[in-house]
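Single-structure report; data block below.
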Amino acid sequence: MASNSQDLLIIGGVAAGMKAAAKARRESPAMRIAVVTDEPYISYAGCGMPYFIGNVIKDSKKLILREPPYFKHMHNIDVFTRHQATAINITSKQVSVRDLEKKSDLTLSYDKLIIATGAQPIIPPLPGISLDNIFTLRTVSDVLRIRACVDSGKVKNAVIVGGGLIGMEMTENLVLRGIKVTVVELLDQILPPLDKDMAMLVQKHVMEKGVGVITSDGVKSFAGNGGDAVTTVITGKQKLPADMVILSIGIKPNTKLAQESGIVTGISQSIKVNERMETNVPDVYAAGDCAESVHLVTGKPAWVPLGSTAAKMGRVAAINATGGNDTFQGVLGTLIAKVFELNVGKVGLSEREALKEGFEVESAIVPAGDKSHYYPETKDIIIKLIADKTTKKLLGAEIVGEGVVDKRIDIIATALTFGATVDQISKLDLAYAPPYAMSMDAIIVAANVLGNKLSGKTVGILPSRVAERRDRGEEFVVLDVRTEMEYKGGHIKGSKHIPLDKLASRTQELDGSNEIIIYCRAGLRAAHAYRILKNAGFSNVKYMDGSILAWTYGLEK
């Protein structure tokens with residue numbers, strides 16, 4: 001416990017800062033605690049902002065979890081809003097603060113200091129960037145301005161620059177308000193944390209909702225048609241009408257103050273901390289979006305700015321700043337998002353990231369039901385598992401679908417934390433009843449499929465690889481083993497059709513010297529067909545992971 005005379009000063013009043021303040025008070029009833037923030041609001045739910053704009057959350061006050069009087073009256077914590085920390089003197093243990101309302105300066109002393117200055121949006125210096133109705137979404141003030149603009153009824157067309165998580169959430173919520181939305185993404189896919197094959201499932205869904213999606217193209221400038229407000233977004237390839245622009249390019253850690261005081265930064269200029277959230281300066285801690293972490297799969301420094309991570313970091317920093325002993329081990333980059341009817345989740349490494357880290361990778365894409373197939377309202381989810389071929393340890397997972405995704409992401413997050421192998425995951429004793437899962441949960445099914453690939457029992461190929469090889473003009477046979485009706489409803493261009501129940505008697509129609517890639521709707525029949533052909537002596541056979549459910553490259557009727 002801290003002594004009665006100690007002062008704890010916290011710079012930053014959102015997730016990490018206010019969590020640290022509240023926890024510090026519980027740990028040390030007598031410690032003097034103060035929080036300074038340059039914002040007018042504290043302790044707000046930034047992740048809920050898109051839903052306020054979409055009118056899913058109707059009252060902005062619901063986004064503000066606590067206000068300064070609450071912390072003063074309930075916890076005896078002084079909160080200075082609209083006060084900007086301008087300098088940290090690590091020798092004298094003092095922080096210079098500017099009162100932004102009174103335009104005056106003061107100095108606050110500390111025995112322990114927690115820096116929770118968060119992150120700030122990236123705003124590119126493009127021509128026309130200062131036009132009205134070009135917004136970022138980070139603070140309560142931002143969301144109130146955007147909501148007022150939408151409520152005016154004057155916004156018919158909106159352009160979202162950046163197709164990440166916030167960009168996708170904003171897309172849905174602007175569409176809910178009757179606005180035509182176009183997303184512009186510089187990369188060749190939306191949702192950069194995902195592998196492209198999984199991101200394309202989301203992109204297809206978004207486009208079916210009437211959203212324009214432009215990839216591999218960047219914004220060059222904004223035009224205002226002679227007025228103060230934006231009217232046109234100019235990319236490298238076209239001009240887009242826009243009554244509103246949301247910049248969702250990304251964020252960067254807000255660490256200028258720390259750097260100027262001699263505090264060491266690391267990856268992406270985030271503040272370097274140890275597992276106790278201590279910086280290189282004694283008695284100074286950092287937590288939240290401004291702080292570096294460690295990736296639990298790679299063991300390397302990582303910067304993963306998420307509200308859930310910020311709260312955990314703030315708690316650990318508070319315990320240690322008040323004389324306790326706690327550690328924050330690291331992150332897995334676990335994320336979940338709602339994109340129209342789809343739930344989109346990721347944890348650990350994507351296949352792309354795993355390859356970049358030097359792992360020898362095997363992956364599997366497996367569709368499955370989120371409940372028993374006969375139970376009403378069962379919905380598909382598509383799981384991609386990524387594992388290390390040598391150790392069979394799971395490296396990551398991505399899941400997309402209308403069914404329950406978060407539960408499966410959390411299962412994998414737990415397994416990754418403890419270094420589980422694919423075989424161990426396939427044996428997990430998970431809850432089962434028809435309203436909640438299949439008798440073998442979707443995660444276990446996916447682990448079994450990946451386990452078969454790792455052991456060499458089966459050979460699969462990802463849909464993206466099939467499409468790439470087809471586009472290069474490579475020779476192979478694509479075999480559709482669905483029913484006649486399914487085949488006529490839409491099939492991969494150029495595929496040969498033999499229904500599964502006829503395959504054993506029609507193998508002579510296939511040339512064993514050709515590579516054969518099999519697909520069905522979701523993969524189960526393709527796996528049966530794979531075994532039939534292997535037993536019949538065909539050696540060069542693969543099944544396409546995920547089959548039609550994971551194919552995003554168009555069908556022929």
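The values are calculated or read from the model by the stated rules, or taken from the named source; none is laboratory data. Since the structure is predicted, the reported quantities are computational estimates derived from the model, not experimental observations. Positions of Cβ are backbone-derived with ideal geometry, glycine not excepted, and every protein chain shown enters the neighbour counts. In case anyone asks, the SASA skips ligands and DNA or RNA and just uses the protein heavy atoms, side chains included. Shrake-Rupley method; radii C 1.70, N 1.55, O 1.52, S 1.80 Å.
For V213, list long-range residues whose amide hydrogen, built 1.01 Å from N in the peptide plane, is under 5 Å from its own amide hydrogen.
Excluding prolines and chain starts, which carry no amide H, the hits are V183.
Would you mind checking the stretch 36-77 for residues with the amide N under 16 Å from a putative spin-label position 7 Å along Cα→C-beta of L100?
Those under the cut-off are 36-44, 68.
Loop-only trypsin sites (Lys or Arg not before Pro) in the stretch 508-539, please: DSSP not H, G, I, E or B, and at most 13 other Cβ atoms within 10 Å.
Counting only loop positions with at most 13 other Cβ atoms within 10 Å, none of the trypsin sites (Lys or Arg not before Pro) in the stretch 508-539 qualifies.
How far apart, in nm, are two points set 7 Å out from the Cα along the Cα-to-Cβ line at S141 and at L355?
Placing both labels 7 Å beyond Cα along the Cβ direction yields 4.4 nm.
Considering Cα pairs under 8 angstrom that are at least six residues apart, work out the relative contact order of the stretch 180-296 and quote it in whole percent.
Here the relative contact order equals 15 percent.
Can you give the angle from 0 to 90° between the axis of helix 140-151 and the longest principal axis of the chain, with both taken from C-alpha atoms, to the nearest 10?
Its long axis makes an angle of about 60 degrees.
Counting only protein heavy atoms, what percent of the accessible surface of the stretch 259-404 is carbon or sulfur at a 1.4 Å probe?
Ligands and nucleic acids excluded, carbon and sulfur reach 51 percent.
Could you name the lysines whose alpha carbon sits less than 27 Å from that of K72, not counting residues in the same chain fewer than 8 places away?
K19, K23, K61, K62, K93, K102, K103, K112, K312
To the nearest 10 degrees, how steep is helix 196-208 against the longest Cα principal axis of the chain, on a 0 to 90 scale?
It is inclined by approximately 90 degrees.
For the stretch 204-272, what is the relative contact order in percent, using Cα pairs closer than 8 Å and at least 6 residues apart in sequence?
16 percent
Over the stretch 1-128, with every protein chain in place, what whole percent of the accessible area is carbon and sulfur at 1.4 Å, could you tell me?
It is 52 percent, rounded to a whole number.
Taking 0.36 nm per residue of separation and subtracting the Cα-Cα distance, what length does fully extending S92 through E402 add?
Gain in length upon complete extension: 106.0 nm.
Work out the FRET efficiency for D188 and K156 from their Cβ-Cβ distance, taking R0 = 25 Å, and round it to the nearest 0.05.
Efficiency, rounded to the nearest 0.05: 0.30.
Sequence-distant or interchain residues sharing an amide H contact under 5 Å with D132, placed H: which?
Answer set, sorted by chain and number: A229, V230.
By how many degrees, 0 to 90 and rounded to 10, does the Cα axis of helix 165-176 deviate from the longest principal axis of the chain?
80 degrees
State the percentage of accessible surface on the stretch 132-222 attributable to carbon and sulfur atoms; use a 1.4 Å probe and exclude ligands, DNA and RNA.
Reported share for carbon and sulfur atoms: 52 percent.
Express the Stokes-Einstein translational diffusion coefficient of the stretch 144-286 in µm² s⁻¹, to the nearest whole number, given a Kirkwood radius over alpha-carbon pairs, 4 °C and a viscosity of 1.567 mPa s.
Value of D from the Cα-based Kirkwood radius: 75 µm²/s.
Which peptide among 248-258, 508-518 comes first, and what is the full order, when sorted by highest mean count of other Cβ atoms within 10 Å?
Highest to lowest by the protection proxy: 248-258, 508-518.
Long-range amide H contacts for I492: which residues qualify at under 5 Å (H placed 1.01 Å from N, peptide plane, sequence gap of 5 or more or a different chain)?
Result for I492 returns E556.
Once you have all Cα-Cα distances for the stretch 301-407, histogram them in 10 Å bins from zero and send the whole-percent values.
The distribution over the stretch 301-407 is 14, 32, 30, 19, 6, 0, given as percents.
So how strong a dipole does the chain carry about its Cα centre when Lys and Arg Cβ are +1 and Asp and Glu Cβ are -1, to the nearest 20 debye?
The calculation lands at about 400 debye.
Dimensions of the stretch 117-203 along principal axes (Cα, Å, largest first)?
Principal-axis extents of the Cα atoms in the stretch 117-203, largest first: 38, 34, 27 Å.
With a 10 Å radius around each residue's Cβ, average the other Cβ atoms per peptide and rank 420-426, 368-374, highest first.
420-426, 368-374
Set the bar at 28 Å for Cα to Cα. Now go through K407/K542; K453/K557; K392/K534 and name every pair that lies beyond it.
Violating the 28 Å Cα-Cα cut-off are K407/K542; K453/K557.
Return a whole-number percent for the relative contact order of the chain, with Cα pairs under 8 Å and 6 or more residues apart as the contact set.
Relative contact order for the chain comes out at 11 percent.
Could you check the simple spin-label distance between D217 and T390, using points 7 Å along Cα→Cβ, in nm with one decimal?
4.4 nm
Based on alpha-carbon positions alone, could you give the equivalent ellipsoid semi-axes of the stretch 276-357 from the gyration tensor, as √(5λ), descending, whole Å?
Semi-axes (√(5λ), whole Å): 28, 16, 9.
If you count only protein heavy atoms with a 1.4 Å probe, what accessible area per residue comes out for the chain, rounded to a whole Å²?
The answer is 44 Å² per residue.
With only Lys, Arg, Asp and Glu charged, each at its Cβ (+1 for the first two, -1 for the last two), find how big the charge dipole of the stretch 509-557 is about the Cα centre; round to the nearest 20 debye.
Once rounded to the nearest 20, the dipole reads 240 debye.
Suppose the chain between S130 and H497 were pulled fully straight at 0.36 nm per residue; how much longer would it get relative to their current alpha carbon spacing?
126.4 nm
So how far apart, in nm, are the two label points at T414 and T507 if each is 7 Å from Cα heading toward Cβ?
It is 4.3 nm.
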